1. Condition first: at pLDDT 80 or above and touching a helix residue (DSSP H, G or I) at 6+ places or on another chain (Cβ under 8 Å). Now tell me which residues in segment 559-580 satisfy that.
2. If you take the residues of segment 369-396 that are open to solvent by 50 Å² or more (accessible area, probe 1.4 Å) and assigned to a loop (DSSP other than H, G, I, E, B), which of them is farthest from Cys233 (Cα to Cα)?
3. In the list Ala654, Ala629, which residue meets the criterion of being under 24 Å from Leu497 (Cβ atoms), of a type in the set (A, V, I, L, M), within 42 Å of the chain's Cα centre (by Cα) and outside any helix (DSSP H, G or I)?
4. Answer yes or no: is there a residue in segment 522-531 that is open to solvent by 70 Å² or more (accessible area, probe 1.4 Å) and out of contact with any strand residue (DSSP E or B) (no Cβ under 6 Å at 6 or more places or on another chain).
5. Given (1) out of contact with any strand residue (DSSP E or B) (no Cβ under 6 Å at 6 or more places or on another chain); (2) surrounded by fewer than 14 Cβ atoms within 10 Å (Cβ to Cβ); (3) farther than 16 Å from Leu316 by Cα, where does Asn267 come up short, assuming only one miss?
6. Name the residues in segment 657-669 that are under 21 Å from Leu517 (Cα atoms) and either assigned to a strand (DSSP E or B) or open to solvent by less than 50 Å² (accessible area, probe 1.4 Å) (or both), would you?
7. Given the condition open to solvent by 60 Å² or more (accessible area, probe 1.4 Å), in contact (Cβ under 8 Å) with a residue 40 or more places away in the chain, within 18 Å of His360 (Cα to Cα) and out of contact with any Asp or Glu (no Cβ under 9 Å at 6 or more places or on another chain), answer yes or no: does some residue in segment 277-291 qualify?
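The values are calculated or read from the model by the stated rules, or taken from the named source; none is laboratory data. As the structure is a computational prediction, the values presented were derived from the model and not from experiment. For neighbour counting, all protein chains shown are included, and Cβ atoms are generated from backbone atoms with ideal geometry for every residue, glycine included. Side chains are part of the model used for accessible areas, which takes the heavy atoms of the whole protein and leaves out ligands, DNA and RNA. Shrake-Rupley method; radii C 1.70, N 1.55, O 1.52, S 1.80 Å.
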Amino acid sequence: MEPSSAEVTCNGRKRKRIAPAAHEEVKRLKTEEGEETLESEPSSRSPRISVLPDRLQQPITANDLTELLHYAALGKTAGVEQPSWCRLHHQKKVKAVNVVMIEGLTQSHFYKHYLTLQHLRTNYSTRVTFTPSSTDLASGIFSSEVPESDDPSVSRRQNGSSDLPKGLRIHPVITKFGTKRRGLTAYVLPEEEMVKKRWPVKGMPDFQDFVCTDSVDCVTDSSPLYGLDCEMCLTEKGNELARVSLVDSDGKCVVDELVKPPNSIINYLTRFSGITAAMLRPITTTLRNVQKRLKTLLPSDAVLVGHSLNNDLVALKMIHRHVIDTSLLYRREFGQRFKLKVITESVLNRQIQTEEKTGHDPIEDALAALELAQYFIKKGPRQVVELHMEELWGYRRIEEPEDLAPAEPAPPQSQRFPDVLQRHGRSVAFLGKRSDIALDLSNQQWLNSDKEVLASFRGQTRCPFLSVLQLPSLSSHLKKSFPHLEQQRVCAHLRDLCVVLAGPLPAGSSEQEVRRLFRCCGPLRNIKMLNTTVRVHAEVEFELLEGAELAVKTLNGLNMQGQSIKVQRPVYESMLDADLTLDALMCDNNTHLYAVKLNPSMADGTKSKLSEETVRETFGLFGSVERVALLQQSGKHARHAIIRFESSEGKRAALSSSEDLRKDNYLVCPSLTPHHLPSWTAVTTPTTSEERSHMHISSQDEEMDLLMGKLDHRLQKLFRYLPEGTLSVVVLLGHTSDHGLLPGLCLMEVTQES
């Protein structure tokens, strides 16, 4: 059987980010459907994600994100189509999917703390606005249904079923496990079933004094199997451990110990246990010694295999989270169970527990249970039943006459996302605060802080194929710090970046004159005249970051009616690092250029229209233009455009020719607004200049910046820990409040090896 893609090993190796600039050597092709895709050198054969151009500035919902996760984890071979809003290229090479949800943070928080969040802004090349939901995102992911394919062959692959002979449809093994061959994780006993059948489970009554092994939260299909069997004697306190044997996945015995029960022995049960008084007389090994040895010897991702293994764990007074019970694999009708010797003789063609021997040999029994589990996993449920249907279950396959009524179909298998994944042999895990999610408890770990969640995840030997991590700490902090006022401070800071102060202006200057002067740089949002007793100034707020940037670069020092005016950014405390923020935004837009058409009039005096054709014709001289987005205000001709070159050289060439472009009535500057935002101010709430002028940096702001730095550092360590080829998704969940919807942000990247 080929190794499953779930067999992923976590590692701490550093990984080089494939930056957005990586497409400089890329050739653009068109698919048959007309969608744009990227092809480059062999490195581009690695998985990568991109948002469709016409969906880039549209917020996504929880359902959209779930659509992506379904495709990334299952792909077209399972009948799952590409998401409607993005493209995941080379999905078959995706090795794992990791989702980190950060409660309480909004898109505005991300851009206010843009400099602090260095990892998130530089290592995730794809961003899109996220619409917050009143329902829990983790719950929505795990309860989502994978749509069934219309193709019958694909549908059979999805649920692991096929055209069964009628006699097999109600077989207890088939109704429990389906027909498809799957990895060992499909047969690990869920915690709910362990609780129901009174297995030793941490936190349950009667097991408080049991010793817990150091088990990881989730195992994978490549986790090691260990066969275990114990023999007991009857003491005055009941059955107690007298011998324990453990074999590894190769069948080698690694533990075989006689154990001295602490209480007086009433019956050695020699007929079954093989234990005699003479054997135990010199023994000094205690139960505590054996517990310590097993806890030390077993790997953290070990899966214990045994026959009625719960009895062995009770005798050992130990709790182990991941078990396979062969009495529940080779199951019978009505809850009855086969004896180990019966299954071993029928399936392995080997006799154990024979009458010639005095008692059972626990090494032999542990090995038999191990090999039976390995056989079941290797062959799959259907082949096991078909090969041993008559000799083990006593069924005889009878061809039914065609005129008989068809048998009742087997019950449909669950299409819940985690169930489908596990049927494909792919492990699933959730780490975060206690939640009501549709996932086996054995695949959940409830933790209360970001530090605990990330440390627990990074402490695992192997990464689950799908892991969802919930980080609640910042949400708790924000709830304590008046969230509405915090959001006001965040939005005020962001809008400050779109504001310029102009003056002194000639006496008597009106708002209309100021508007005519500054609208050449970009769409205006608001103008406020600032009149002092001596001079006139104006506060000008643009819709776009680029408008403010262009105004500072082109209008500062302009002579207006014989008077030189200064155009500069306001000097608020919150704006002291504005130049660094703008530089970082500029670097992230390394192929985008902002252009404005000045006085677009024809020779006959009529107004010319700025069109995509004229922009391509003008700027195509500097390099190949990939896309042109015209920024058109309601009811007016477009005068502003965002130009995307196929390489950064085209942008640099256009900027270096800004003087020549000005002669053609074009003003240009680097693009600053992130690609997924229609405008900078669209994600902020209205704020007056009076509010802005009093938005000093408070101790809460400083504390928040410190917390954001810690978060970014932890997420960076997590990102480096993820295996190569992992789709990494970080979701700032945003939130809803009485003051409106505060959008979140979804960041996506596929990890690449250095």
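1. Residues satisfying the conditions are Met560, Ile565, Val567, Gln568, Arg569, Pro570.
2. Result: Arg396.
3. Of Ala654, Ala629, the one residue that is under 24 Å from Leu497 (Cβ atoms), of a type in the set (A, V, I, L, M), within 42 Å of the chain's Cα centre (by Cα) and outside any helix (DSSP H, G or I) is Ala629.
4. There is at least one residue in segment 522-531 that is open to solvent by 70 Å² or more (accessible area, probe 1.4 Å) and out of contact with any strand residue (DSSP E or B) (no Cβ under 6 Å at 6 or more places or on another chain).
5. The one condition Asn267 does not meet is (1).
6. Ser658, Leu661, Tyr666, Leu667, Val668, Cys669
7. No, there is no match, as no residue in segment 277-291 is open to solvent by 60 Å² or more (accessible area, probe 1.4 Å), in contact (Cβ under 8 Å) with a residue 40 or more places away in the chain, within 18 Å of His360 (Cα to Cα) and out of contact with any Asp or Glu (no Cβ under 9 Å at 6 or more places or on another chain).
Residue by residue, here is whether (1) touching a strand residue (DSSP E or B) at 6+ places or on another chain (Cβ under 7 Å); (2) open to solvent by 40 Å² or more (accessible area, probe 1.4 Å); (3) at pLDDT below 90 holds:
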{"position": "Arg639", "(1), (2), (3)": "yes, yes, yes"}
{"position": "Glu646", "(1), (2), (3)": "yes, yes, yes"}
{"position": "Trp680", "(1), (2), (3)": "no, no, yes"}
{"position": "Lys717", "(1), (2), (3)": "no, yes, no"}
